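Engineer: Please read through the structure below; I'll follow up with questions.
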Amino acid sequence: MHLPVEYIVVTAVILGRFLLPLLIPRWPLPAVLACLVLDGLDQTLFQTFTSFDLGGYQGYDKALD
């Protein structure tokens, strides 16, 4: 069974947005930098690799910040 790339990208980004902040106490600088990079690239990744409607994503993005 092969998952479409769209679902893999969305799952990876969402998991990253939830799990990377948990690494901040252990490795503060690398984890914060990774969070900033992922936050800056998430919508670009969605636009590039998915065909999902991103109209309401801004609200979710702000909530994850």
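Engineer: Considering only protein heavy atoms, what is the solvent-accessible area of THR11 at a probe of 1.4 Å, reported in Å² to the nearest 10?
Structural biologist: THR11 has an accessible surface of roughly 70 Å² with all protein chains in place.
Engineer: Something else: How long is the gain from ASP65 to LEU29 if the chain were fully straight, where each residue apart is worth 0.36 nm and the alpha carbon distance is subtracted?
Structural biologist: Stretched out fully, the ASP65 to LEU29 stretch lengthens by 11.3 nm.
Engineer: 222 nm [θ] for the chain, helices only, -39500 (n - 2.57) per DSSP H run of 4+, per residue, to 500?
Structural biologist: Helix contribution divided over all residues of the chain: -22500 deg cm²/dmol.
Engineer: Residues of the chain: accessible area per residue at 1.4 Å, in Å²?
Structural biologist: That works out to 76 Å² per residue.
Engineer: In the chain, carbon and sulfur make up what percent of the accessible area (probe 1.4 Å)?
Structural biologist: 70 percent
Engineer: R0 = 22 Å: FRET efficiency of GLN47 with LEU15, Cβ-based, nearest 0.05?
Structural biologist: 0.70
Engineer: Please report the relative contact order for the range 9-60, taking Cα pairs under 8 Å with a sequence separation of at least 6, and give it as a percent rounded to a whole number.
Structural biologist: Computed over the range 9-60, the figure is 37 percent.
The values are calculated or read from the model by the stated rules, or taken from the named source; none is laboratory data. Keep in mind it's a predicted model, so treat the numbers as computed, not measured. Reconstructed Cβ throughout: ideal geometry from the backbone, glycine too, with neighbour counts over all protein chains shown. Heads up: the accessible areas ignore ligands, DNA and RNA and are worked out on the full protein's heavy atoms, side chains in. Shrake-Rupley method; radii C 1.70, N 1.55, O 1.52, S 1.80 Å.
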